[in-house]
Amino acid sequence: MAYTWDVFLLAAFFGFAYGFLLQKADFCFVASIRDWISVRDTRILNGVLVLMATALLGWAIVLTTGAKGIADVWTVPIGGANLLGGILFGIGMTIAGGCGSGTLYRCGMGYVQFWIVLVFAIAGNLLFALLYDPWGRDAIEPMTVVDSGYTLYSLPLPVYAIPLAIVVIMVGIAIARFGIRGFAQGFKSALTDWEGNPFKQSHWDIRLVAFLIGVVATVQFALMSNVGITGPETRIGAVAVAQLLGDDFVFNNTYLNALFADFPKVGLGPEETLVIFLVIGSMSAALLSGSFKIRLPRKSRLPAAIFGGLLMGVSSRIAPGCNIANVITGVGGLSISSVLVLVGMIVGIFIVVAYVFKMPLMLFQKDDSFGA
């Protein structure tokens, strides 16, 4: 498939928007679960729930209008690999200090630690590709229960029925917890949390940001593709390696060759452009608010960045997908495999928080080298 320039322009827009919004709210999936477990702080978790609700309604609207069909919904084989990959990814991103999207937007803010995490996450992607044929494939395929994946949109119901029911239940739980007045006040606060020029404001209400990210993802699904991070990062790594070892290295690798099946050659496509512009969008937001600063990590944190990044890279291929793909694309698409991956991620985060770092140790302390 040969891509036209307008698709790259569209991808650049989406990437810039994601990066700008993520930075404005310090939006990180691992922090949402980690903070809730360690100190019962639900600020970021509330944002994740709003994002899920928006994705559910967004995907339902796109499918109801016919802009996309059920065949366009992202599904992957269902089995133990989803849960295992999710657990390992949860462990990896908690050790590294940031999820797939959190790593990228912090790269744009000048955190050198997360550039290290990103490099080793891509190295982990490539390591999996090297081990996939035959060892990885022989280990993963026996764990598969459903080869083709499955979405609840395949049930004989109107496509909007299940998403609408889930969102109504979510809103009902919120009202039961905070009351109608508290729920309405939270809605109002999310829309009015402004101080002067919003682009120069260092922080936006995370619920509003979550909603906007969900809207951008919905438009991307309708016009271009599903949202993903680690798949494009794997291709970026493959392109870099091809510059050193030649294109045959990619073509002769079973896993990498499949990733470039729709590409005219080994090179960067729209989704890789999106990832690059996500970092640029974050950097732009940080520069506007005065939050950009080159921050060098402590030497003691380097092993965590390296090991956590590698584990994120390998496990994102096992699952497959990172938090963004499974929270937005998977939840929006009512993908059963994504439910398993997300459960695994939560378990992985809990393992590290409760048993490795013995909360609340230095992993949860905010400082300039961490950015959480």
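The values are calculated or read from the model by the stated rules, or taken from the named source; none is laboratory data. None of these values were measured; they are calculated from a predicted model. Virtual Cβ from ideal backbone geometry, glycine too; neighbours counted across all protein chains shown. Note: areas computed on protein heavy atoms with side chains; ligands, DNA, RNA excluded. Shrake-Rupley method; radii C 1.70, N 1.55, O 1.52, S 1.80 Å.
Just to be sure I understand the model, the point goes 7 Å from the Cα along the line to the Cβ. What's the resulting Phe183 to Asp41 distance in nm?
2.7
Using +1 at the Cβ of each Lys and Arg and -1 at the Cβ of each Asp and Glu in the stretch 189-314, identify which of Leu259, Ala222, Ile306 lies farthest towards the dipole's positive end.
Of the options given, the answer is Ile306.
Count charges around Leu191 for me, please; just the other residues with Cβ under 10 Å from its Cβ, Lys/Arg as +1, Asp/Glu as -1.
Taking every Cβ under 10 Å from that of Leu191, the sum is 0.
Taking Cα pairs under 8 Å and at least six residues apart, what relative contact order does the stretch 22-171 come out at, in percent?
That works out to 37 percent.
Round to a whole number: what % of the accessible area of the chain belongs to carbon and sulfur, probe 1.4 Å?
70
Per residue, how large is the accessible surface of the chain? Use a 1.4 angstrom probe and give square angstrom.
Per residue, the chain has an accessible area of 44 Å².
Please list, in order along the stretch 292-308, the HN-Hα scalar couplings obtained from phi with the Karplus expression 6.51 cos²θ - 1.76 cosθ + 1.60 (θ = phi - 60°), rounded to whole Hz, x for Gly and Pro.
Calculated HN-Hα couplings, in order: 6, 6, 6, 10, 7, x, 5, 4, 5, 8, 4, x, 5, 5, 6, 5, x Hz.
Alpha carbon centre of the stretch 219-248 versus the stretch 253-270: separation in Å?
Distance between centres, Cα-based: 8 Å.
What aspartates and glutamates does Lys299 reach when the alpha-carbon gap must be under 15 Å and sequence neighbours fewer than 8 apart in one chain are set aside?
Of all the aspartates and glutamates, those that pass the test against Lys299 - Cα under 15 Å, at least 8 places apart if same chain - are Asp367, Asp368.
Which is the longest part of the chain that has none of the chymotrypsin sites (Phe, Trp or Tyr not before Pro) sitting in a DSSP loop with at most 15 other Cβ atoms within 10 Å?
The longest uninterrupted stretch comes out as 1-193.
Ala176 to Asp248: FRET efficiency via 1/(1 + (r/R0)^6), r the Cβ-Cβ distance, R0 45 Å, to the nearest 0.05?
0.15
Among Asp138, Asp205, Asp72, which one shows the biggest mean-square fluctuation in a GNM of the chain, springs joining Cα atoms closer than 10 Å?
Asp138
What is the stretch 172-289's relative contact order, in percent, from Cα pairs under 8 angstrom and six or more apart in sequence?
Averaging sequence separation for qualifying contacts and normalising by length gives 24 percent for the stretch 172-289.
Is the stretch 54-181 rounded, prolate or oblate when judged by the Cα gyration tensor, a ≥ b ≥ c being the square roots of its eigenvalues, rounded requiring a/c under 1.5 and prolate requiring a/b larger than b/c?
oblate
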